[in-house]
Amino acid sequence: MRWVESGDVRLAVFEEGDPADPTVLLLHGYPDTHRVWDEVAALLRDRYHVVRYDVRGAGQSTAPRDRRDYGFDHLMADLGAVIDAVGASRVHLVGHDWGSLQGWEALGRAGLRERIASFTSLGGPGLRQTAHFLRHGKRRDVTAQRIKSWYIGAFQVLVVPELAWDSVMPGIISRTLRREGISPRPGHPAPTLVKDGRNGLWMYRRNMGTTGDPGVGDVPVQIIEATRDAFVTPALLASIGQWVPRLRHRKVAAGHWAHRSRPEAVARMIAEFAGGAPAARRPRRAFDGQLVVVTGAGSGIGLATARAFAAHGAEVVCADIDAGAAARAAEAIAEDLGGTGHAVQVDVSNIDQMEDFSRNIIAQYGVPDIVVNNAGIAVAGSFFDHTVDDWRRTIDVNLWGVIHGCRLFGAAMVERGEGGHIVNVASLAAFAPSRLLPAYSTSKAAVKMLSDCLRAELAGHGIGVSAVCPGFVSTPIAGNATYVGADLREEAVRGLARRGYPAERVAAHILRAVHRNQAVVPVNLEGKIGYALSRISPGTMRALARRSATIRNPGIGR
């Protein structure tokens, strides 16, 4: 720890790690001190020279004699003095909350901007960029942000906020942290919390209303969006990208104090960005830069889905039990769409193959952002014509294959901490009983229920789960199905062909489900009618199943 003079203020500065390593400077927010970064600093100090300081009026740093000296000019002078004192020519700046606001302001100031090698913003948009958003953003987005920022107006009032800090505010801060799953520990909240809260009010009073050029120059910027931040809307953060030529926008499934609740994820993102991870160009398509894994991608719905994601900018892993079909799918993505596709042969029912598959994908390409568990088979015939092997094979592929995909890739998504989405392709058969599809319908009903259970468990991690339930779709599944008892293959194939509902339309529903985070997505007319009847009048669905003693189409939906 050292003292750094800045005007009439003495700043308490703390350093860890080897000064010869690249310098990461962590700026805390309001009403915190440098100690809020303890966990992140501990994870970075073996690779970086980590610098923290208490801003003026907070923690061990002294307060200015004149309260007007909490303006940005003085805060920027403090930042420059610290950079000078630690002997760094350039720093990787990281800011949370008001620390992030200071970082954005620094990027807009010539002379200081040149000393910033990169900037990572967590939970605090720049005031100049925010002012532009409030003037030009969509009305509903602006209204939503103003509601979240109500406290800013309250802080402008004199005396009352100070009285609140002397009474109720410490308890409110403690309860807010606990709601985010954060337990108080030594250093956070700081023992100087009341003083820090009272002094920090003057940052709001002296700086709110800051306007001017929102441009930030050519400094690489990383925005870490905490998906459950109670104070910042996604629309505001998305709007900032227009001012940043070299932007990387990432998400962490956490609340406002993500660096306390998810320090491993935040430290990893900081280290990757400071270590030279490229700032991405601004996404122009819905899934630009995302990694998508699709099983059963060699034909039918899987192939259409892989192509649809690739057409919208995603890098796609095309997995199929047929190595040749997977290769053709990946090649077509490159040749027809100019995208990136990878072919992998895998049997989703085989746990050893799936474990190797997930491990290799993560090692080579990273943790997927989206996983589509689509691979499936069908056995058609009466219950008593199904053998035990028919049941076992259907359950192994249709249910266990989905379980393996959810468990292996879902666990990696949770550990990464950046959210994601899992799509499990079920069927109309999930809620429409059929005399000729007992094993298939049972497996698809289980997939739908699994999806509902997973959706509840993974929501807190920012991972969406959708069950997509198509009705009759013109795919090769009827031709590839196994028929026991009466051979209905030709009739089933003709029936699906006559239905004329292409797999590409199901793929469009899958992309929409991911974009909107939909839970259950019945597809096409019979899918929607079946889903509605299963909820409104399940007896009708059972009656229809009883009366289907003779049927020209066994009802294979995908």
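The values are calculated or read from the model by the stated rules, or taken from the named source; none is laboratory data. Just so it is clear, the model here is predicted, and its values are computed rather than measured. Heads up, the Cβs are rebuilt from the backbone with ideal geometry, glycines too, and the neighbour counts pull from every protein chain shown. Quick note on the areas: whole protein, heavy atoms, side chains included, nothing else; ligands and nucleic acids left out. Shrake-Rupley method; radii C 1.70, N 1.55, O 1.52, S 1.80 Å.
Once Rg and the Kirkwood radius are both taken over the C-alpha atoms of segment 61-105, their ratio Rg/Rh works out to 0.98.
Multiplying the residue separation of E264 and Q364 by 0.36 nm and subtracting their alpha-carbon distance yields 33.9 nm. The radius of gyration of the Cα set in segment 414-512, together with its Dmax, comes out at 16.1, 51 angstrom.
Using heavy atoms of the protein chains and a probe of 1.4 Å, the accessible area assigned to T23 is about 10 Å².
So which lysines pass the test for K528, namely a Cα distance under 25 Å, with those fewer than 8 places away in the same chain ruled out? Straight-distance partners of K528: K444, K448. For segment 1-80, the Stokes-Einstein estimate of translational diffusion at 4 °C and a viscosity of 1.567 mPa s comes to 100 µm²/s, using the Kirkwood hydrodynamic radius over alpha-carbon pairs.
In this simple spin-label approximation, I147 and A497 carry label points 7 Å from Cα along the Cα→Cβ vector, and these lie 5.4 nm apart. Taking 0.36 nm per residue of separation and subtracting the Cα-Cα distance, full extension of the segment from D8 to A486 would add 162.9 nm. Farthest toward the positive end of the dipole of the chain, out of A411, L291, A439, is the Cα of A439, where the dipole comes from beta carbon charges about the Cα centre.
Give me the dipole magnitude in Debye, nearest 20, for the chain about the Cα centre, with unit charges on the beta carbon: positive for Lys and Arg, negative for Asp and Glu. Don't jump to the answer; show the numbers that get you there.
Numbers: 66 positive and 55 negative charges, 440 e Å.
Rounded to the nearest 20 debye, it is 2120 debye.
Below 14 angstrom from the Cβ of F409, what's the summed charge of the other residues (Lys, Arg +1; Asp, Glu -1)? Overall, the nearby charge balance is -2.
Taking every Cα-Cα distance in segment 75-177 and sorting them into 10 Å bins starting at zero, the pair-distance distribution P(r) comes out as 13, 33, 30, 22, 2 percent. Our compactness index for segment 1-157, the C-alpha radius of gyration over the empirical 2.2 N^0.38 Å, is 1.07.
Can you give the Rg to Rh ratio for segment 257-342, taking only C-alpha atoms and Rh from Kirkwood?
Numbers: Rg = 16.3 Å, Rh = 14.4 Å.
Here the Rg-to-Rh quotient is 1.14.
Computed over segment 138-191, the percent of Cα pairs more than 13 Å apart is 71.
Measuring with a 1.4 angstrom probe and ignoring ligands and nucleic acids, L134 comes out at about 60 Å² accessible. A convex hull fitted around the alpha carbon atoms of the chain yields 165 Å³ per residue. In straight-distance terms, cross-link reach from K148 covers every one of the lysines whose alpha-carbon lies under 23 Å from its own, apart from those fewer than eight places away in the same chain; here that gives K138, K251.
Given a Förster radius of 51 Å and the C-beta distance between T540 and I351 as r, what FRET efficiency does 1/(1 + (r/R0)^6) yield to the nearest 0.05?
Numbers: r = 39 Å, r/R0 = 0.77.
Taking R0 as 51 Å, the efficiency between T540 and I351 is 0.85.
Could you size up the charge dipole of segment 228-350 around its Cα centre, putting +1 on the beta carbon of Lys and Arg and -1 on that of Asp and Glu, and report it in debye to the nearest 20? Could you put the intermediate results ahead of the total?
Working: 14 positive and 11 negative charges, 171 e Å.
Dipole of segment 228-350, to the nearest 20 debye: 820 debye.
A dipole drawn for the chain from +1 and -1 charges on Cβ atoms has a positive end, and of G539, Q60, L511 the residue lying farthest that way is G539. Extending 7 Å from Cα along the Cβ direction at A508 and again at A323 yields two label points whose distance is 3.7 nm.
Reported to two decimal places, what Rg/Rh ratio describes segment 191-240 when computed on Cα atoms with Rh from the Kirkwood expression? List each step's numbers first, then the result.
Working: Rg = 15.0 Å, Rh = 14.2 Å.
My calculation of the ratio gives 1.06.
Placing unit charges on the Cβ atoms of the charged side chains and taking the dipole of the chain about its Cα centre, the candidate lying farthest along the positive direction among A497, G276, H92 is A497.
Return the FRET efficiency for the residue pair M1, D452: r is the Cβ-Cβ distance, R0 is 41 Å, and the value is rounded to the nearest 0.05. Mind dumping the intermediate values first?
Working: r = 52 Å, r/R0 = 1.28.
According to the calculation, E is roughly 0.20.
When the alpha carbon gyration tensor of segment 370-436 is reduced to an equivalent ellipsoid, the three semi-axes, largest first, read 30, 13, 7 Å.
If you plug the beta carbon distance of R90 and R185 into 1/(1 + (r/R0)^6) with R0 = 30 Å, you get a FRET efficiency near 0.40.
Dipole of segment 384-541, Cα-centred, from +1 at each Lys and Arg C-beta and -1 at each Asp and Glu C-beta, to the nearest 20 debye?
Working: 17 positive and 13 negative charges, 91 e Å.
Dipole of segment 384-541, to the nearest 20 debye: 440 debye.
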